[in-house]
1. Where the second residue is at pLDDT 90 or above and of a type in the set (D, E, K, R) and the first is in a helix (DSSP H, G or I) and lies in segment 172-192, which pairs have Cβ atoms under 6 Å and are six or more apart or on separate chains?
2. Could you look through segment 12-34, keep only residues that are of a type outside the set (A, V, I, L, M), touching a residue at least 12 places away in the same chain (Cβ under 8 Å) and assigned to a helix (DSSP H, G or I), and pick out the one that is surrounded by the most Cβ atoms within 10 Å (Cβ to Cβ)?
3. Restricting attention to segment 147-176, which residues are more than 26 Å from E96 (Cα to Cα) and open to solvent by 100 Å² or more (accessible area, probe 1.4 Å)?
4. Note down all Cβ pairs under 6 Å where the first residue falls in segment 41-54 and is closer than 15 Å to T28 by Cβ, the second is at pLDDT below 90 and open to solvent by less than 30 Å² (accessible area, probe 1.4 Å), and they're at least six residues apart or on different chains.
5. Quickly run through segment 10-61 and pick out the residues that are hydroxyl-bearing (S, T, Y) and over 23 Å from L170 (Cβ atoms).
6. Going by the conditions given, is V39 assigned to a loop (DSSP other than H, G, I, E, B), of a type in the set (V, I, T) and either at pLDDT 90 or above or buried (at least 17 other Cβ atoms within 10 Å of the Cβ) (or both)?
7. The conditions are (1) closer than 30 Å to E141 by Cα; (2) surrounded by 19 or more Cβ atoms within 10 Å (Cβ to Cβ), and I67 fails exactly one of them. Which is it?
Amino acid sequence: MAKKTKEKEERILKAATKVFAQKGFFNTRVSEIAKEAGVADGTIYLYFRSKYDILMAIFDREFKRIISRTKKELENLPDARAKLERFALLHLSLVEENRDLMELLQIELRQSYKFLKNQQFRRFSEYVNLISKIVREGQKEGIFRKDVKPGIFKRAFFGALDEMSRFWILSPRKKYRVNTAAKQITYFFLEGILTDEARQKL
């Protein structure tokens, strides 16, 4: 794809993210996205077949970026405990870095039943599976209990982070700093999965 064409597509996706977050996916017209992006209405259809395709493209692009960044950040950390806390911090920081995007992911995608059947849902699963991977690493390291089910833990841990993000999106102001929330949520969960030996070293 030529550079100018790619730049225009990116501009459309950025504009759509903003308008979707402000007006809601179902209330947004393609003409409003075009106006925000500074392009003609018909230009949108040169890149996307429908408003829903735009939503899925945003999801696919952003989660590729989020997954890549998270993997890079976790790569050189000393152990699974540090990785779990960094995952929490990175996820919660997304609200501060791109509120429009997080509002779109938090509110609008939850209302799309098509999304749950779409192949992009696998991108979300890949992201959440980073948590279960950390748990398995911790079990191999001997710091997480062997009886902990990674699949159950990942959903519980992500659910806590997701709820905090949703609270911040819906609340006019945050009551807690990102670092504080990340540390506390991680601590609550670590208390339940650390081995006795690992707990004694804290």
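The values are calculated or read from the model by the stated rules, or taken from the named source; none is laboratory data. Small disclaimer: the values here were computed from a predicted structure and weren't measured. Cβ sites come from the backbone with ideal geometry, for glycine too, and all protein chains shown count toward neighbours. We work out accessible area using only protein heavy atoms, side chains counted, and drop any ligands, DNA or RNA first. Shrake-Rupley method; radii C 1.70, N 1.55, O 1.52, S 1.80 Å.
1. Close Cβ pairs (under 6 Å, with a partner that is at pLDDT 90 or above and of a type in the set (D, E, K, R)) amount to T186/E85.
2. Among those that are of a type outside the set (A, V, I, L, M), touching a residue at least 12 places away in the same chain (Cβ under 8 Å) and assigned to a helix (DSSP H, G or I), it is F20.
3. So the first thing to find is which residues in segment 147-176 are more than 26 Å from E96 (Cα to Cα), and the list is 147-152.
Selection gives K149, I152.
4. Taking only residues 6 or more apart or on different chains, not a single pair turns up.
5. Restricting attention to segment 10-61, the residues satisfying the condition of being hydroxyl-bearing (S, T, Y) are 17, 28, 31, 43, 45, 47, 50, 52.
Matches in segment 10-61: S31, T43, Y45, Y47, S50, Y52.
6. Details: assigned to a loop (DSSP other than H, G, I, E, B): yes; of a type in the set (V, I, T): yes; either at pLDDT 90 or above or buried (at least 17 other Cβ atoms within 10 Å of the Cβ) (or both): yes.
So V39 fits the description; yes.
7. That leaves (2) as the condition not met.
Residues are listed down the side, and each one gets a yes or a no for (1) in contact with a strand residue (DSSP E or B) (Cβ under 7 Å, 6 or more places away or on another chain); (2) basic (K, R); (3) open to solvent by 20 Å² or more (accessible area, probe 1.4 Å); (4) modelled with pLDDT of 80 or more:
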| residue | (1), (2), (3), (4) |
| --- | --- |
| Q119 | no, no, yes, no |
| F124 | no, no, yes, yes |
| E141 | no, no, yes, yes |
| V178 | no, no, no, yes |
| Q184 | no, no, yes, yes |
